[in-house]
Protein chains: 2
Amino acid sequence: MRVEIWSDIACPWCYVGKARFERALADFPHRDAVEVVHRSFELDPHRAKGDTAPVLAMLTKKYGMTEAQAQAAEDGVGAQANAEGLAYRTRGRDHGNTFDMHRLLHFAKERGADRQDALIAALYRANFAEEASVFDDEERLVALAAEAGLDPDAARAVLADPAAYADDVRADEREAAALGANGVPFFVLDRSFGLSGAQPVEVFQQALTRAWESRAPLTVLADGADGTGADACGPDGCAVPGA
Amino acid sequence: MRVEIWSDIACPWCYVGKARFERALADFPHRDAVEVVHRSFELDPHRAKGDTAPVLAMLTKKYGMTEAQAQAAEDGVGAQANAEGLAYRTRGRDHGNTFDMHRLLHFAKERGADRQDALIAALYRANFAEEASVFDDEERLVALAAEAGLDPDAARAVLADPAAYADDVRADEREAAALGANGVPFFVLDRSFGLSGAQPVEVFQQALTRAWESRAPLTVLADGADGTGADACGPDGCAVPGA
């Protein structure tokens with residue numbers, strides 16, 4: 001079974017939702033048969049690279065909150081993150097463009113699903129829990145990539161070339177739109193079931209169970225091993241011309 | 001869309017079938033949305049490591065052919081391979097245990113789908129077209145891994161440890177059995193459609209089209225962005241406690 005997760009590094013509910021999903025998966029009896037793939041989604045695709053601002057300023061502007069209300073909101077998200085065992089820095093975080101981080105996540109994916117998973121965890125932690133900003137600091141991203149087991153020089157080269165993996169990011173975003181995503185985190189199970197949001201662990205458990213139980217037998221379109229079709233190799237050997 | 005291909009390096013129809021599938025895919029209008037994953041299948045899982053014999057001897061024993069008939073059979077497969085533009089050495093090939101090659105393919109997969117694809121192509125070519133045997137020669141496999149962009153020392157370490165990626169190979173084989181594979185190459189499209197054998201290009205084209213047209217909308221299990229559910233971030237911003 002395959003679970004695809006569309007998310008953005010700048011999305012606190014993606015950070016929290018990933019932890020909740022992982023708790024559900026850890027208890028899922030068929031967890032060893034579940035493959036997790038991370039996909040890109042930018043919450044703010046029109047935000048220019050370099051347009052970085054404090055989260056509180058973004059919140060007051062977007063929701064018309066006072067600064068105290070915005071701070072209380074950050075504290076509330078932080079409390080939910082902490083409840084999942086996640087560190088969350090509620091003071092002085094930045095918000096900005098995440099396109100380069102998504103490009104780097106696709107580079108990591110090409111080096112293996114485990115590296116991509118390590119990198120997304122490192123980026124979340126850096127953005128939500130650490131002091132140094134992940135925006136507008138390529139060497140910070142290179143260090144996080146190295147921490148995820150990637151070659152720092154190769155990561156630096158990816159960041160230096162704005163075209164590198166850009167199409168992969170956009171392809172993920174087009175796919176999210178085609179699948180009807182209107183928010184992240186967006187979870188898709190076996191391309192059959194979708195759910196969005198940092199759902200409670202039980203909701204993820206139910207979704208995993210439902211998707212698992214819905215697996216249907218394959219429709220056989222052509223069987224090369226039935227003796228009538230094309231050539232195949234089976235337990236009794238290969239179709240052999242003249243045999 | 002995802003296409004999984006179960007195959008064995010020792011399976012000539014897998015070598016031919018892969019080329020035919022790739023021709024179909026190259027002409028498929030949605031090819032950029034198709035992800036190909038290689039999975040392990042051993043035709044002869046009980047064959048001991050080191051039990052390597054000439055293909056002709058295997059054919060005469062298995063099918064009760066004369067040596068001339070076996071040679072004609074190899075010539076016949078070679079002609080079909082050549083028709084796909086593939087080199088095929090019809091004289092003096094070996095047959096043996098492929099478990100280590102499958103372990104190496106899983107190591108390659110962890111380093112990225114492109115590396116796995118490069119390695120399977122290198123292994124096929126080495127086994128079917130080149131003089132040096134791919135059986136019982138670990139340094140030959142290391143050289144092929146290096147050719148596929150993998151670190152030779154890491155590949156050597158994988159080969160030296162019989163447990164490395166062994167579970168991944170067996171998991172693929174269990175999955176093939178669960179999906180009803182009775183021969184390879186075995187192609188599974190979006191876990192909905194299956195076909196086996198080195199089918200003609202048109203059959204692969206029809207299968208790709210049918211699987212593409214059968215994609216159904218997701219069943220939404222929980223929508224965090226509908227305002228009633230869990231917390232999510234959408235184009236209008238994130239659910240904010242207190243907003």
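The values are calculated or read from the model by the stated rules, or taken from the named source; none is laboratory data. Given the structure is predicted, the values throughout are model-derived calculations rather than measurements. Positions of Cβ are backbone-derived with ideal geometry, glycine not excepted, and every protein chain shown enters the neighbour counts.
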Kindly indicate whether any position in region A:31-42 is free of Cβ contacts under 8 Å to residues at least 12 places away in the same chain and either part of a helix (DSSP H, G or I) or more than 13 Å from every other protein chain (Cβ to nearest Cβ) (or both).
-> yes
Output for Cβ contacts, cut-off 9 Å, separation at least six or different chains, first residue within 20 Å of B:Ala83 (Cα to Cα) in region B:192-219, second among the hydroxyl-bearing types (Ser, Thr, Tyr), reads B:Ala198/B:Tyr15
With the checklist (1) surrounded by fewer than 19 Cβ atoms within 10 Å (Cβ to Cβ); (2) in contact with a Lys or Arg (Cβ under 6 Å, 6 or more places away or on another chain) in hand, flag the one item B:Asp32 doesn't pass.
-> (2)
Across region B:91-109, the tally of residues that are facing chain A (nearest Cβ under 10 Å) and within 10 Å of B:Tyr165 (Cα to Cα) stands at 1
Mind counting the residues in region B:21-39 that are closer than 15 Å to B:Glu4 by Cα and not small (Gly, Ala, Ser)?
-> 10
Collect the residues in region B:171-205 that are part of a helix (DSSP H, G or I), at the interface with chain A (Cβ under 8 Å from one of its Cβ atoms) and among the charged types (D, E, K, R), keeping them in residue-number order.
-> B:Glu175
Would you be able to tell me the number of residues in region A:206-219 that are outside any loop (DSSP other than H, G, I, E, B) and either out of contact with any Phe, Trp or Tyr (no Cβ under 8 Å at 6 or more places or on another chain) or at pLDDT 95 or above (or both)?
-> 8
Count - residues of region B:137-179 that are among the charged types (D, E, K, R) and more than 30 Å from A:Pro235 (Cβ to Cβ) = 5
For B:Arg140, the lone unmet condition from (1) modelled with pLDDT of 95 or more; (2) touching a Ser or Thr at 6+ places or on another chain (Cβ under 8 Å); (3) within 11 Å of chain A (Cβ to nearest Cβ) is (3)
Is it true that some residue in region B:4-19 is of a type in the set (A, V, I, L, M, F, W, C), over 21 Å from A:Pro235 (Cβ atoms) and within 12 Å of chain A (Cβ to nearest Cβ)?
-> no
In the list A:Thr209, A:Thr219, which residue meets the criterion of being of a type in the set (Val, Ile, Thr) and at the interface with chain B (Cβ under 7 Å from one of its Cβ atoms)?
-> A:Thr219
